[in-house]
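Structure first, then comments.
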Amino acid sequence: MEVHSYWGPGLIESIYEKSLAHELGLQGIEVKRQVRLDLKYKDLVLDDVFALDLIVEGIVIIELKVVKELAPIHEAQLMTYMNLTNCKVGLLINFNVLKLKDGIRRLSLS
């Protein structure tokens with residue numbers, strides 16, 4: 001992926017997020033950054049509970065990480081976002097790897 005090739009591993013997440021959003025936009029792909037997700041509990045609105053890193057074309061959530069290795073909690077986080085938004089596909093991308101293909105996990109709702 002161009003962003004990882006350009007920056008390499010080890011930077012902070014927001015750099016990869018902004019760069020990836022820009023790169024997707026250059027390719028004509030609709031992408032929204034830091035999408036706030038409000039929840040409702042009875043008559044109580046819980047605003048800004050979650051911030052999704054990227055939503056692509058309104059159907060795919062991309063959750064970015066810069067960690068030693070992806071953990072089950074990262075997958076659980078993405079699955080929660082997918083369930084709450086009805087997005088059926090999510091990508092978990094860890095930029096803190098030498099080869100980006102080793103840092104990508106695709107998740108889907110059944």
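FYI, it's all coordinate maths here, none of it is from the lab. Not measured: the values here are computed from a predicted model. Cβ coordinates were reconstructed from backbone atoms using ideal geometry, including for glycine residues, and neighbour counts include every protein chain displayed.
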Please list, ordered by first then second residue, the pairs with beta carbon atoms under 9 Å, 6 or more apart or interchain, first in the range 56-83 and basic (Lys, Arg), second in a loop (DSSP other than H, G, I, E, B). Lys65/Phe95; Lys65/Asn96; Lys68/Asn96
Among residues of the range 1-44 being without any contact (Cβ under 8 Å) to a residue 12 or more places away in the chain and either in contact with a Gly (Cβ under 9 Å, 6 or more places away or on another chain) or in a strand (DSSP E or B) (or both), the residue nearest to Leu70 (Cα to Cα) is Asp38
Filter the range 16-59 down to the residues that are small (Gly, Ala, Ser) and more than 11 Å from the chain's Cα centre (by Cα), then identify the one that is surrounded by the fewest Cβ atoms within 10 Å (Cβ to Cβ). Gly28
Is it fair to say Ile93 is within 14 Å of Met1 (Cβ to Cβ), of a type in the set (Val, Ile, Thr) and part of a loop (DSSP other than H, G, I, E, B)? no
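Among the residues of the range 60-75, what is the count of those that are in a helix (DSSP H, G or I) and surrounded by 11 or more Cβ atoms within 10 Å (Cβ to Cβ)? Reasoning before the result, please.
The first filter runs over the range 60-75 and keeps only residues in a helix (DSSP H, G or I), leaving 72-75.
Next cut, surrounded by 11 or more Cβ atoms within 10 Å (Cβ to Cβ) only: 74-75.
Adding up the residues that qualify gives 2.
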